[in-house]
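Below is one structure; the comments refer to it alone.
What follows is calculated from the coordinates using simple rules that are stated; it is not laboratory data. As the structure is a computational prediction, the values presented were derived from the model and not from experiment. We place every Cβ from the backbone using ideal geometry, glycine too, and count neighbours over all the protein chains shown.
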């Protein structure tokens, strides 16, 4: 049975509703909400006024920046835009001297990633860090209710198209997806998917899993960045080829993430129980011909990791490959997406409160993601040559860590997010060494 619904609304998908519940839960626990930040490193002096003009031109024609969630008679949540309300996106400039070390720059970026939005109805903020006359950083902080990481990169790419006059401002809406059906059909299939997901979860939880529940300061999160240059990235790719196989970047990246988390577990004197890793999976491949910049298109795979197996690199990678094959064969991410459609019936407060008790079971010991392709093209952004693009993701309060990879051109970046106070400064440096050595295949 299919329930008729409006074809002109942007209904929220199941993963969107999960993000809204997560935002409620995180905002209640930390006062900060569920946001992340993407950073563009560029050469030269940033053209602030021209960029502000581009921001105004783009945000004025896109209806999503003045919206919030409503439900219609079908009880399906949708994004209700207030076109009468003007859009005011904050753009802030900070200038520092040219002789500062990279650690000082990263410290400023980390501070920005931990700043709350002025209002719960603000979804976007830009901050520019001008370092002397030769280098600048554009940091876009975004609310996950409006973007996921791929979507945030795509939005920045859209800004560049308008700035460089590749498209006119009134053509912007042709580049984005304005509507989404309510998906109020295939009920039996969705419920059967729920049964399969529950069975899979019970299998993963047969043995105890390690969840770091130490009461760290959870509002402020530490962000550790590991940057590989061109040669190191090539060495990483050779390690993938030699130990995991052609195009097997995800299993090898998961091995690196597991080594990082094992160091964290030992640092806080945790037990030697198994790890449960949740791996974010982009779902845009299901409809590749439809531009999907706004909102979320994520699901998850789950991997069981025995700490004892991590000493055998080839062995643990083969285990990850087998689990990856099982996740893919059973279409677990697609089934989980269909289950999340059913969860939309719950108010976000109820779902958020439920998630606060079993969030660690859903998101695992740590969260992992590998963004294989950057949606921001190499070359220039707003008239300045791009050097690098990297991310500052935040993690749910019940998750022990977030370990994420992204590529820009020939460079690989690794972002590690921890709750503040989990490890000290010396241990952070050791953690960077562990991560870099694991990437490059160097024995510790």
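Look at the alpha carbon pairs under 8 Å that are at least 6 residues apart: their mean separation over the length of the stretch 14-175 gives a relative contact order of 32 percent.
Label the stretch 1-70 by shape, choosing from rounded, prolate and oblate, from the square roots a ≥ b ≥ c of the eigenvalues of the Cα gyration tensor; if a/c is under 1.5 it is rounded, and otherwise prolate applies when a/b is larger than b/c, oblate when it is not. Verdict is oblate for the stretch 1-70. Distance from the Cα centroid of the stretch 350-417 to that of the stretch 34-65 is 20 Å (rounded to whole angstrom). Taking each DSSP H run with n ≥ 4 as -39500 (n - 2.57) and averaging over every residue of the chain yields -12500 deg cm²/dmol at 222 nm. Compactness of the stretch 23-124, taken as the C-alpha radius of gyration over 2.2 N^0.38 Å, stands at 1.36.
For the chain, the relative contact order comes to 26 percent (Cα pairs under 8 Å, sequence separation of at least 6). Taking 7 Å steps out from each Cα toward its Cβ at residue 229 and residue 72 produces label points 5.6 nm apart. The packing ranking, built from the mean of other Cβ atoms within 10 Å per residue, places the peptides 335-348, 98-111 in the order 335-348, 98-111, highest first. Were the residues from residue 424 through residue 28 laid out at 0.36 nm apart, the gain over their Cα-Cα distance would be 139.9 nm. With a ≥ b ≥ c the root eigenvalues of the C-alpha gyration tensor of the stretch 233-352, is it rounded (a/c under 1.5), prolate (a/b larger than b/c) or oblate? Oblate. Shape annotation for the stretch 187-440: C-alpha extents along the principal axes are 51, 48, 38 Å, from largest to smallest. Three principal axis extents of the chain based on alpha-carbon atoms, in descending order, are 64, 58, 41 Å.
Label reach from residue 192 (point 7 Å along Cα→C-beta): in the stretch 322-357, amide nitrogens under 15 Å belong to 330-332, 335-336, 338-339.
Taking 0.36 nm per residue of separation and subtracting the Cα-Cα distance, full extension of the segment from residue 185 to residue 47 would add 44.8 nm.
Compared with the alpha-carbon gap, the fully stretched path from residue 410 to residue 329 is longer by 26.0 nm at 0.36 nm per residue.
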